[in-house]
Structures are given as structure tokens and as C-alpha cells.
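Okay, so here's the structure we're looking at.
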Amino acid sequence: MSASKSVTVHPPDVEGGRLVCVQEVAAGRAYGLWDVVVFLHRAGLDRDFGDEDEIAASELIEWLGGGPHVWEP
């Protein structure tokens, strides 16, 4: 993970959820882009995301095993 990315979204699991880690600590499982925003907020990494495209393009987030629109295994 690069220094500028403090959030990692792992590949989808068999249920379509993706583990989200904030600074390498598990924050929870996301089932969509807005779930990732909740984890960012809880970690104090508040951003004013206007829409899903802004979430997907955020420099804070590293997407593993598929981009921000991949939620099925």
C-alpha cells in the first residue's frame, strides 16, 4: 500500500462483502461504496463525497481484487 493510501478494500468474499482495513486494521465488511464511507468516517478520515464516482476515485483507497464497482466474487 502506498503512503498516500490509508484504506485498503480487499477482494469480494463469497457473500459479496469486501473487508475494509484502515491503516492495516480491519474496520469491517463493506457491501457497497457507501459502506466504505462509513468506515472512513469512523476512522476520522472524513471526506465530503458527493457521489459514488468521488468515492471510487479517492486517493485514500486502494482497491484489491477488482475496482470499486466489483462486489461479487
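The values are calculated or read from the model by the stated rules, or taken from the named source; none is laboratory data. Values in this document were obtained by computation on a predicted structure and should not be read as measured data. Heavy atoms of the whole protein, side chains included, go into the accessibility calculation; ligands, DNA and RNA do not. Shrake-Rupley method; radii C 1.70, N 1.55, O 1.52, S 1.80 Å.
Accessible area per residue for the chain, computed on protein heavy atoms with a 1.4 Å probe, is 59 Å².
If you restrict to DSSP beta bridges whose two residues both lie in the chain, what percentage is antiparallel, to the nearest 5?
Roughly 75 percent of the DSSP beta bridges within the chain come out antiparallel.
Could you tell me which label, among [x] 25, 16, 9; [y] 59, 18, 9; [z] 17, 13, 12, carries the value of semi-axes √(5λ) of the Cα gyration tensor in Å calculated for this structure? Step by step, semi-axes √(5λ) of the Cα gyration tensor in Å for this structure corresponds to label [z].
The listed residues 34, 71 rank as 34, 71 when sorted by accessible area, largest first, using a 1.4 Å probe. Amide H contacts under 5 Å for residue 28: 20, restricted to partners 5 or more places along the chain or on a different chain, H placed in the peptide plane at 1.01 Å from N.
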